[in-house]
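What follows is a single structure, written as structure tokens, with notes after it.
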Amino acid sequence: MEKYNLDDKGGLFKFLAKSPSKIVKQGDNIELKHFSVYNYIKGRVSEVTESTIRVQSSDKTPEAVISPGEHIALYYTSGDIYVITGEVGTVNKTDPLDVIVKVIKIEKLKDLIKEKKHCVSINAIFKIIGVPDGKPAPVKNISFGGIKSNCKEDVMLEDIVDVTVFIDKMNKMPFKGRIVRKNRLSGFFEYGVEFTEMTETSNKLLTRIMYDIDSKI
């Protein structure tokens, strides 16, 4: 297994801009990925500012359950494909979706591929030592070495957690991982989890995730 490599290192692959208004154009198509749904939600940029993007979906989205503060990923094409990570700011409407996203980072997909990591929003559960029930821990970033997730539970560094990532309605990717990074954020913790034990089936699903995103290029 590869080593965990999801921390920002700067340099050549440093994110392009904090301001979406420099890249994203009002009226353009955009895809939204939130961990409450398996598929990408197709939408349109209805408004863009120096720090936010307002997205209105073009289809009904009754299954989407989205709340302020949650992680979200946007995929936008303008010559290059850009991956925009952020958090939900305001939910104006739920079906069809109308949401304002607070932008955290904008990166080119091809640069992320060179670093062998991807920004995602996928549902996952942590099973933590001493805690009887699994805890929600949506995945924000993934690589061949590990994942980065948000979770409200306080887990110790170097603890081993059982993680289940829900790829789609038919497939889930269980594995054991070690907590190698921990940051306190507003209302939750951000964890870096390094893969320590994974079945062959889970390894194949991981490869599928990585190359499915590559296929967007």
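The table that follows gives values for the structure above.
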item: Residue count for the stretch 24-41, restricted to those that are part of a strand (DSSP E or B) and exposed (fewer than 15 other Cβ atoms within 10 Å of the Cβ); result: 1
item: G146 under 28 Å from N29 (Cβ atoms), at pLDDT 95 or above and among the small types (G, A, S); result: no
item: Near pairs, Cβ below 8 angstrom, 6+ apart or cross-chain, from the stretch 124-152 (within 19 Å of Y211 (Cβ to Cβ) and in contact (Cβ under 8 Å) with a residue 24 or more places away in the chain) to any residue that is part of a strand (DSSP E or B) and acidic (D, E); result: G145/E194; G146/E194
item: Every residue from the stretch 187-217 that is polar (S, T, N, Q) and either at positive phi or modelled with pLDDT under 85 (or both); result: S215
item: Cross-chain or 6+ apart pairs with Cβ under 6 Å, the stretch 180-204 first and surrounded by 13 or more Cβ atoms within 10 Å (Cβ to Cβ), then of a type in the set (D, E) and assigned to a strand (DSSP E or B); result: V180/E194
item: When residues of the stretch 111-132 are limited to those that are of a type in the set (K, R) and touching a strand residue (DSSP E or B) at 6+ places or on another chain (Cβ under 7 Å), the one nearest to V155 (Cα to Cα); result: K127
item: Residue satisfying condition, being surrounded by 11 or more Cβ atoms within 10 Å (Cβ to Cβ), farther than 21 Å from H34 by Cα and among the β-branched types (V, I, T), within set V165, V161; result: V161
item: Selected residue (criterion: farthest from D159 (Cα to Cα)) from residues of the stretch 205-217 that are among the charged types (D, E, K, R) and surrounded by 13 or more Cβ atoms within 10 Å (Cβ to Cβ); result: K216
item: Hits in the stretch 1-21 - residues which are at pLDDT 75 or above, farther than 16 Å from T85 by Cβ, assigned to a helix (DSSP H, G or I) and not hydroxyl-bearing (S, T, Y); result: none
item: Some residue of the stretch 102-120 being at pLDDT 95 or above, assigned to a strand (DSSP E or B) and farther than 22 Å from K148 by Cα; result: no
item: Filtered residue count, the stretch 79-107, keeping only those that are over 18 Å from P20 (Cα atoms), hydrophobic (A, V, I, L, M, F, W, C) and either touching a Lys or Arg at 6+ places or on another chain (Cβ under 6 Å) or buried (at least 17 other Cβ atoms within 10 Å of the Cβ) (or both); result: 1
item: Residue in the stretch 197-212 that is closer than 20 Å to S36 by Cα and either in contact with a His (Cβ under 6 Å, 6 or more places away or on another chain) or in a strand (DSSP E or B) (or both) present; result: no
item: Total residues in the stretch 69-98, condition over 15 Å from the mean Cα position of the chain (by Cα) and either part of a strand (DSSP E or B) or at pLDDT 95 or above (or both); result: 12
item: The stretch 123-157, residues that are more than 17 Å from G187 (Cα to Cα), in contact with a Cys (Cβ under 9 Å, 6 or more places away or on another chain) and either assigned to a loop (DSSP other than H, G, I, E, B) or among the basic types (K, R) (or both); result: I128
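The values are calculated or read from the model by the stated rules, or taken from the named source; none is laboratory data. If you're wondering where the values come from, they're calculated on a predicted model, not measured in any experiment. Here Cβ is always computed from backbone atoms with ideal geometry, including for glycine, and neighbour counts include all displayed protein chains.
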